[in-house]
Amino acid sequence: MGKSISGQMVAVYLTGHGGLEALQYRDDVPVPEVSSDELLIKVAAAGINNTDINTRIGWYSKKVVDATDAGGTEGFDEVDDDDATWSGVPMAFPRIQGADCCGVVVAVGDSIDDRRIGERVIVRNMLRSYVGYRPFECWTLGSECDGAFAQYAKAPARETFRVDCDWSDAELASIPCAYSTAENMLHRAAVGAESVLITGASGGVGSAAVQLAKRRGAQVTALASAAKLDDLSALGADRVVDRNSELVTAVGRDSVDVVVDLVAGESWPSLLDVLKRGGRYVTAGAIGGPMVELDVRTLYLKDLTLIGCTFQDDVVFENLVGYIERGEIRPLVAKTFPLHDIDRAQEQFLAKKFTGKLVLIPPD
């Protein structure tokens, strides 16, 4: 066992799959003990993501066919606990969630250089160390292992990255899950200087995708609610479209090289209609509902490529750290909340009346 800090800490326990009542704010949680190749991090800020909600309510279970917001507050009546996680392995409770960890290293395992103590860091949210770096396997911070909704968190040293920048803790905590998800989609779809349509563009992943696609030289069309279109223009979108518009009319049939989709749901077929022949569709979410109707003729007659994204190549997170340190991106933080207000923060997250990220701040 490596070095650590003894005692208890404040944390939020997820006690089971369910509604907001499944979250328990506690002040008697043991501080994590690090193994020889891990670091202990004093958490400064932790972003909120769809995966936090989806994991809590068991949305990943194949028994659930509704949109996230249908059970976001109260949970779902039927969830199969055996397949209600990213990995399909049953969740171990209680679990400390929180995929976004920003903080300062305060202790190191026996095999780690003490000079890492004091580093300001973020943690790769899709952890490969715990599965031996096997391809297409990972643990998600806050799902298969405890995460950042706490005063302290532990993580593998090799997947914890020092970041030198002048950002606030809340800004830096906005990066790990949302920006790596967005960058991974663009990486897997090999996005370059071409036309890209982004759905759910006002959310954490969507707004990240707008910035990251622009960084790659893309012409970006952002799809969101009418009230948020000005925000997306300010983020750099070349064109903004009301999500309630008839998409083919608003955007044009066969006009887009790449669709970056986070919504799915009933309007999904129109996303393939606006793709050019040979176009690529890439997704890492389905907040509008996971069940869609596919006309396979559209798929093969237009020579489309459909790409699903969860696993991330190592270079994805490493690139993000470089973008931050070179000043090539900057996240939009909509609001911060103290950790004990996690219920209120998740309610506002589900209401989707903001652009960017909501972030939790634990007590000192």
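The values are calculated or read from the model by the stated rules, or taken from the named source; none is laboratory data. Since the model is a prediction, treat every value here as computed from it, not as a measurement. No Cβ is skipped: glycine too gets one built from the backbone with ideal geometry, and neighbour counts run over all protein chains shown.
Overview of values
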item	result
Residue ID - surrounded by the fewest Cβ atoms within 10 Å (Cβ to Cβ), chosen from residues in segment 129-146 that are more than 14 Å from Glu38 (Cβ to Cβ) and touching a residue at least 40 places away in the same chain (Cβ under 8 Å)	Phe136
Condition met for Arg115 (assigned to a helix (DSSP H, G or I) and either surrounded by fewer than 15 Cβ atoms within 10 Å (Cβ to Cβ) or under 23 Å from the mean Cα position of the chain (by Cα) (or both))	yes
Test: Thr85 is surrounded by 15 or more Cβ atoms within 10 Å (Cβ to Cβ), in a loop (DSSP other than H, G, I, E, B), over 17 Å from the mean Cα position of the chain (by Cα) and among the polar types (S, T, N, Q)	no
Number of the exception - Val256 against (1) crowded, with 21+ Cβ neighbours inside 10 Å; (2) free of Cβ contacts under 8 Å to residues at least 60 places away in the same chain; (3) over 24 Å from the mean Cα position of the chain (by Cα)	(2)
Flag if Val321 is β-branched (Val, Ile, Thr) and loosely packed, with under 13 Cβ neighbours inside 10 Å	no
Per-region count, segment 176-217, residues more than 24 Å from Val121 (Cα to Cα), at pLDDT below 95 and assigned to a helix (DSSP H, G or I)	0
Residue in segment 118-131 that is in the same structural domain as Leu40 (by TED's automatic domain parsing), over 26 Å from Gly308 (Cβ atoms) and either small (Gly, Ala, Ser) or out of contact with any Gly (no Cβ under 8 Å at 6 or more places or on another chain) (or both) present	yes
Any hit, segment 296-306, residues being part of a strand (DSSP E or B) and at pLDDT 95 or above	yes
